[in-house]
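Chemist: The structure follows.
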Amino acid sequence: MESDCRISVIGLPPPSPLCAGLACLPRSLALYSLLWSLVSVRVLGVPVSSEMKTPVMSAMATPCWQVEEFVVARECSQCNAFQSSWAACTQTGYVEMINCAKSNKDEYKSCRSALMEESRFWRFEGTVVGLTVVFALLVVMRQRALDRLASEKVRKQIESI
């Protein structure tokens, strides 16, 4: 049975039967769009300020290996203590030396080591298998507990007859 007593919230009209909750209110729609824009700016990295880089500025800051052909001069290897402060080393901890074809410049590029990727893969696989075993055991334990409760309920029903 529904009560006729309604508590009104100041500033909000009562919800209509066609509009469930606060989703149809213009203020909440504006709030949702504001929150969505903040999330998209944060997640997608859309610049908030109007200061955009000009193509000349971005071309000067772009490494040669992004705009022209290159040849790997030295294979991917782990950064040493001296190289660890370089920007290329801070991303993955591994670096390879490349030679750009047009400009003939030697630059260092961050890379992913095959050994590092393999160890991460097997660590991930081990974690997945471990979680599978744990949750399978939990399912078995829960099923046994539910079976016990069901058989106890049936036993009580038979005893009451």
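The values are calculated or read from the model by the stated rules, or taken from the named source; none is laboratory data. Please read these numbers as outputs of a predicted model, since none were measured by experiment. Quick reminder, even Gly has a Cβ in these numbers, built from the backbone with ideal geometry, and neighbours come from all protein chains shown. Please note that ligands, DNA and RNA were not included when accessible areas were found on the heavy atoms of the full protein model with its side chains. Shrake-Rupley method; radii C 1.70, N 1.55, O 1.52, S 1.80 Å.
Chemist: Whole-Hz ³J(HN,Hα) for each residue in the range 63-74, computed from phi via Karplus 6.51 cos²θ - 1.76 cosθ + 1.60 with θ = phi - 60°, x for glycine and proline: what do you get?
Modeler: x, 5, 6, 8, 10, 9, 5, 9, 10, 6, 7, 9
Chemist: What are the equivalent ellipsoid semi-axes of the range 69-140, built from the alpha-carbon gyration tensor (square roots of five times its eigenvalues), in whole angstrom, biggest first?
Modeler: So the three semi-axes of the range 69-140 are 39, 13, 8 Å.
Chemist: Now a separate question. Quantify, in whole percent, the carbon and sulfur part of the accessible surface of the range 93-161 (1.4 Å probe; protein heavy atoms only).
Modeler: The value for the range 93-161 is 63 percent carbon and sulfur by accessible area.
Chemist: Amide H to amide H, which residues 5 or more places from residue 105 or on other chains are under 5 Å from it, using H placed in the peptide plane?
Modeler: When sequence neighbours closer than 5 places are left aside, the close amide H contacts are 100.
Chemist: In terms of modelled amide H atoms, which long-range or inter-chain residues lie less than 5 Å from the amide H of residue 79?
Modeler: So residue 79 has HN proximity to 94, 95.
Chemist: Would you kindly state how much longer the chain becomes between residue 155 and residue 124 on full extension, computed as 0.36 nm times their sequence separation minus their alpha carbon distance, in nm to one decimal?
Modeler: Result for the pair: 6.5 nm of gain on full extension.
Chemist: Another question, if that's okay. Between residue 133 and residue 85, what is the label-to-label distance in nm when each label sits 7 Å out along the Cα-to-Cβ direction?
Modeler: Those two pseudo-labels are separated by 4.6 nm.
Chemist: Further question on the same structure: Would you please give the FRET efficiency between residue 141 and residue 117, computed as 1/(1 + (r/R0)^6) with r the Cβ-Cβ distance and R0 = 30 Å, to the nearest 0.05?
Modeler: The computed FRET efficiency comes out at 0.25.
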